[in-house]
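In what follows, a structure is listed as structure tokens, so that the remarks can point back to it.
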Amino acid sequence: MSAAELDRRITGAARQLEVLVEQYNDSREDLRTTKQQISHLGGRLGPMIRDLEERQSLMDRLMSHTYQRTRTGPTVALFASDHPHEFVDKLLVLHQLASEEQRAAEDLRAARIKVADTRAALNALAAQQTRQQTELNTRRATVKGEIVALKQMRAIAYGGGSRYPDAGNIAVPEYVPGPAADVVAFAFDQLGKPYRWGSAGPRSYDCSGLTLSAWRTAGVSLPHNAASQYASIAHVSRNELRPGDLVFFYSPISHVGVYIGGGRMIHAPEFGENVRVASIDQQPIRGFGRPG
């Protein structure tokens, strides 16, 4: 097998891995949201349970009050009334107490059903996310193993080292106004750090982890997923690109880098490689975005 063929297979496997990593990141974001929802619901359960207990206590008092007013029970008390107006008065009291008890019971029942249904839905979602994460972990391990094997083959047959040319000493661009200056400076400081799936620094990064960390220095929060980042920021054209903007690749989106000017970006390329400078035209561009 030629070096070119090995490189082609490595590239294909690396692309597959990156798609899985971004799916993993998206799943992890969903799982975090689900846990937050569960936590929020748990915080609401305490007051809801106290409200239910108060309603139960109210019902107990209403029932006790009914029998205190009628002594031997509502039915016997009604028929034991000597005067018509006493009968009517007791009937009205009983009707009012019964109505209040019924409303309280219905409120209790509705609240219990709502809590039970919500808990069941959130538990089902959490279980689904866990299954999805387990599946992604398994697939990711398989692809990583394939990349390691292919790189070992390439190293034995054609020598080791990165498949990418050395970027050399890259000069930091001229001053960039606004928060993008911190973004670009941060990206340059990460050059040479290793790619690691699911990582957002400070020692290693995946592609969306690098971009979210870079823009965090400017006070902007981004999700840990390339496609979600693209969906959450303003889009710009290639002619409008300026340093600090994000460049997104492939369809569906599964890679992102920080634009630094001159048609170049800093990105975390793939498993087994380090954060580096590259041309934005080395991969199929999907779009451009500007956080902030």
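Please work out which residue is modelled with the highest pLDDT, limiting yourself to segment 239-270 and to residues that are of a type in the set (Asp, Glu) and under 24 Å from the mean Cα position of the chain (by Cα). Filtering segment 239-270 for residues that are of a type in the set (Asp, Glu) and under 24 Å from the mean Cα position of the chain (by Cα), the one modelled with the highest pLDDT comes out as Asp245.
I'd like the residue in segment 214-232 that is over 18 Å from the mean Cα position of the chain (by Cα) and more than 19 Å from Val277 (Cβ to Cβ) and, out of all such residues, is surrounded by the most Cβ atoms within 10 Å (Cβ to Cβ). The residue in question is Ala218. Of all residues in segment 180-224, those satisfying the criterion of being in a helix (DSSP H, G or I) and among the hydroxyl-bearing types (Ser, Thr, Tyr) are Ser208, Thr211, Ser213.
The residue of segment 258-285 that is nearest to Ala13 (Cα to Cα), among those that are touching a Ser or Thr at 6+ places or on another chain (Cβ under 7 Å) and not charged (D, E, K, R), is Val258. Asp51 falls short of the stated requirement of being in a helix (DSSP H, G or I), under 37 Å from the mean Cα position of the chain (by Cα) and at pLDDT 75 or above.
To keep it simple, each residue is scored yes or no on (1) under 27 Å from Ile49 (Cβ atoms); (2) outside any helix (DSSP H, G or I); (3) modelled with pLDDT under 75; (4) within 24 Å of the chain's Cα centre (by Cα).
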| site | (1), (2), (3), (4) |
| --- | --- |
| Ala121 | yes, no, no, yes |
| Leu125 | yes, no, no, yes |
| Gln132 | no, no, no, yes |
| Glu135 | no, no, no, yes |
| Thr138 | no, no, no, yes |
| Ile147 | no, no, yes, no |
| Gln152 | no, no, no, no |
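Yes or no: Leu94 in a helix (DSSP H, G or I), at pLDDT below 75 and not charged (D, E, K, R)? Yes; evaluated as a whole, the condition is true for this residue. In the set (1) under 26 Å from Arg140 (Cβ atoms); (2) surrounded by fewer than 21 Cβ atoms within 10 Å (Cβ to Cβ); (3) among the polar types (S, T, N, Q), Thr211 fails one condition alone, (2). When the test is whether a residue is of a type outside the set (S, T, N, Q), closer than 14 Å to Pro291 by Cα and touching a Phe, Trp or Tyr at 6+ places or on another chain (Cβ under 7 Å), Ala214 passes it.
Assess whether Ala141 counts as being within 17 Å of Val21 (Cβ to Cβ) and either small (Gly, Ala, Ser) or outside the structural domain of Arg61 (by TED's automatic domain parsing) (or both). Here the answer is yes, as Ala141 does meet what is asked.
When each of Leu31, Leu20, Leu6 is tested for being surrounded by 14 or more Cβ atoms within 10 Å (Cβ to Cβ), more than 29 Å from Asn123 (Cα to Cα) and out of contact with any Pro (no Cβ under 6 Å at 6 or more places or on another chain), the lone residue that passes is Leu6.
Among the residues of segment 243-291, those that are in a loop (DSSP other than H, G, I, E, B) and either in contact with a helix residue (DSSP H, G or I) (Cβ under 7 Å, 6 or more places away or on another chain) or not assigned by TED's automatic domain parsing to the domain that holds Arg203 (or both) comprise Pro243, Gly244, Pro252, Ile253, Ser254, Gly263, Ala268, Glu270, Phe271, Gly272, Val275, Pro291.
The values are calculated or read from the model by the stated rules, or taken from the named source; none is laboratory data. These figures come from a predicted structure and were not determined experimentally. Positions of Cβ are generated from backbone atoms using ideal geometry, with glycine treated the same way; all protein chains shown enter the neighbour counts.
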